[in-house]
Ligand SMILES: Nc1ncnc2c1ncn2[C@@H]1O[C@H](COP(=O)(O)OP(=O)(O)OP(=O)(O)O)[C@@H](O)[C@H]1O
Ligand SMILES: [Mg+2]
């Protein structure tokens, strides 16, 4: 116990001595907040200036979509022709352009949206929001189209009631909180990635110590292998906890983003996920033969799985198959918990999610322990 | 003399490979015990079992009266190991390195500071407290490696080839500190490839080959094993090509080794073959510079017993 505290102290001291680590563990999540702010903010930079080209004539559905965009309150819509649109995007006069090509409305009515183009020179940072919003709205309308199977009258009736009531109300009634919720959701999406990378980095200390042989030297002191690995886990947990706190504090006090949920349950689910991330990191370390191998595995696993789980873009803009895959990823269950917490659910009602997250952590830990045990049998480190 | 360490029938297998083969050995208090053996002889494996880093396949290790195969914590508390490969933190200062390792053995506060300073001064790094090992020479790193193992003043200090590839100054420091530690009451196990070192500092020596102890005793006891052999050293000019095989064919010659410009030939003392050896060398057009007969030493013992060179 005593020697564990000694080792933990030393590892923390070592970690905080390097400026690079400060940026890695605390700077990056704050950069994450900044990016989220940029994605979803309309308070600071004003609205997104979008030029709209309607080549689809006076279709009800098309003008409905345009009205919906205007109704969002964050998009300033200017009707234009394509040529002017291109010129004004190029000159930086507009943030992005949306072109409804001929046949757009017909495609929506058949349930298979198409003939819509979004362009921007400012890249994903501007278009992601518009894409996400359009996708969900058009998706809903297309669903009506699919349901009514080409029955124009039925479509018109249902569409009419749909576009009159619920959505417009929802979109305009509380744009500010939903916006902040999205910012905090996105911030947490990035935080997930950084937590996972932090856990991987910290576990790789084990491999580094094997490579410079201090691991073996430590084991020749009264420190056992088990105590050593446990100390490493404690360090990871402490640092990730700090990372969470720093991110949440910065979000709230510096950037004034309201997470839209109480802080305590948020920290609980994040910490539970931290355990999962540490479990995964240990599994990587247990299977990797060297730090470079572990580094390769870490990069191969973390970013793609975060992408699939919806850490960077909402999953609902992704294809159905991707959404199904994401259920097998722990990040999905954390994001889902955050979503539900934002919708006002209590921590207790999320027990399924919490169990799944805990399960992931347990399984990873067991695999790592089993694998470490095998390594020690063959004395790989001697 | 009470025994600090008793090893009985110690065996270690890696799969089917027997690295240490039924070794039995006693080391008394206050000894500097030398393990001499070629590469792969099983020295490090034996040492790692004594330090409880490896579990023996078979056999007993009794340290200070306690069977440590069952109580590894006791072994770890009472030994200090200087690993064959450097095990220090390059990004921590010399002081922090020693202090960290000593702290693992429970030292804290003023005691820790005192012992850390002592250990560093001991290996001649007293003026390098705040320097980082990444700026050290190979020899200084080795000395720091030693300081890390002795700060907690263990009963038994195990040094696994502490002088590999270092400058003469560091080497002298290390040999001196081994003697000083010994005078302070530490028992020391010392492995080396360097015959001269072992001859110089060890009170008793075991020659290890293929995991077995093939001879054991003081330097005098060991050399007396081979009173029937002599060693002839022949100096020559560098450019001649030496045919070691043809020399080995000469009656009485048991081993031949070339070390730079010197041929070292071990031969049975009762066979008078010096003329034949010189004839052969002249035939091979070797330009002889000097010929001398050596009294039997550890090196010739080793060569005779194992038929191997100590160094590759
Ligand atoms: N973990 C291991 N798995 C398999 N074989 C091993 C292992 N460790 C050592 N060996 C083998 O056991 C033999 C003895 O190795 P050991 O390291 O004890 O030799 P040594 O006398 O210390 O040699 P050196 O002078 O090179 O340090 C060697 O042949 C080595 O290959
Ligand atoms: Mg060795």
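Computed from the coordinates by the stated procedures, all read-outs in this text should not be read as laboratory data. Predicted, not measured: the structure shown is a model, and the values here were computed from it. In this analysis, Cβ positions are derived from the backbone assuming ideal geometry, glycine residues included, and neighbour counts consider all displayed protein chains.
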inquiry  = What's the ranking of A:195-203, A:353-361, B:116-124 by average number of surrounding C-beta atoms within 10 Å, highest first?
reply    = A:195-203, B:116-124, A:353-361
remark   = The base-10 log of I(q)/I(0) that the Debye equation returns for chain A at q = 0.12 Å⁻¹, one scatterer per C-alpha, is -0.96
note = Longest principal axis of chain B (C-alpha) makes with the long axis of helix B:94-104 (C-alpha) an angle, in degrees to the nearest 10, of 70 degrees
ask   = When the helices in chain A are scored as -39500 (n - 2.57) per DSSP H run of 4 or longer and the sum is shared across all residues, what 222 nm value do you end up with, to the nearest 500 deg cm²/dmol?
value = -23000 deg cm²/dmol
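Where Rh is the Kirkwood radius over the Cα pairs of the range A:193-233, the temperature 4 °C and the viscosity 1.567 mPa s, what D in µm²/s does Stokes-Einstein return?
120 µm²/s
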ask   = Order of B:170, A:221 from fewest to most other C-beta atoms within 10 Å?
value = B:170, A:221
ask   = What ranking do B:272-281, B:92-101, B:4-13 get when scored by the average of other Cβ atoms within 10 Å per residue, highest first?
value = B:92-101, B:4-13, B:272-281
key: 20 Å binning of all Cα-Cα separations within the protein assembly as shown, expressed as whole percents from 0 upward   = 15, 33, 24, 16, 11, 2, 0
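Once you order the gyration tensor axes a ≥ b ≥ c over the Cα atoms, which shape class does the range A:226-331 get: rounded for a/c under 1.5, otherwise prolate or oblate by comparing a/b with b/c? Could you put the intermediate results ahead of the total?
Details: a/c = 2.18, a/b = 1.13, b/c = 1.92.
Judged from the Cα gyration tensor, the range A:226-331 comes out oblate (a/c at least 1.5, b/c at or above a/b).
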request  = Would you please give the FRET efficiency between residue A:91 and residue B:24, computed as 1/(1 + (r/R0)^6) with r the Cβ-Cβ distance and R0 = 56 Å, to the nearest 0.05?
outcome  = 0.05
request  = Mind checking A:205-218 for the average number of partner chain beta-carbons within 10 Å of each residue's beta-carbon?
outcome  = 4
Mean separation of Cα contacts under 8 Å, 6 or more apart, over the residue count of chain A: relative contact order % = 18 percent
remark   = For the range B:228-295, the convex hull over Cα atoms projects on average to an area in nm² of 4.0 nm²
ask   = By DSSP, what percent of the beta bridges with both residues in the range A:48-163 are antiparallel, rounded to the nearest 5?
value = 30 percent
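If contacts are Cα pairs under 8 angstrom and at least 6 residues apart, what is the relative contact order of the range B:228-295 in percent? Before the final figure, lay out each step's value.
On the way: 121 pairs, mean separation 33.9, N = 68.
Relative CO of the range B:228-295 lands at 50 percent.
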note = Between the alpha carbon centres of the range B:64-93 and the range A:71-90 the gap in Å comes to 72 Å
key: Rg in Å to one decimal, and Dmax rounded to a whole Å, for the range A:48-163 via C-alpha atoms   = 14.2, 44
request  = Take the alpha-carbon centre of the range B:184-235, take the same for the range A:312-356, and report the distance between them in whole Å.
outcome  = 70 Å
key: Relative contact order of the range A:48-163, pairs being alpha-carbon contacts under 8 Å that are 6 or more residues apart, as %   = 26 percent
message = As a test, work out the antiparallel percent of DSSP beta bridges whose residues both lie in chain B, rounded to the nearest 5.
response = 65 percent
task = As a check on your grasp of the helix formula, calculate [θ] at 222 nm for chain B: sum -39500 (n - 2.57) over DSSP H runs of n ≥ 4, divide by the residue count, round to the nearest 500.
result = -10000 deg cm²/dmol
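When DSSP assigns beta bridges and you keep just the ones with both residues in the protein assembly as shown, what percent turn out antiparallel, to the nearest 5? Could you put the intermediate results ahead of the total?
Numbers: 43 of 72 bridges.
Expressed as a percentage, antiparallel bridges in the protein assembly as shown total about 60.
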request  = Treating the angle as unsigned and between 0 and 90°, give the value, to the nearest 10°, between the Cα long axis of helix A:60-71 and the longest Cα principal axis of chain A.
outcome  = 50 degrees
ask   = How far is helix A:2-17 tilted, in degrees, relative to the longest principal axis of the Cα atoms in chain A, given as a value from 0 to 90 rounded to the nearest 10?
value = 50 degrees
message = For peptide B:98-105, what's the mean number of Cβ atoms from other chains within 10 Å of each residue's Cβ?
response = 5
10 Å Cβ neighbours from other chains, averaged over peptide B:53-64 = 1
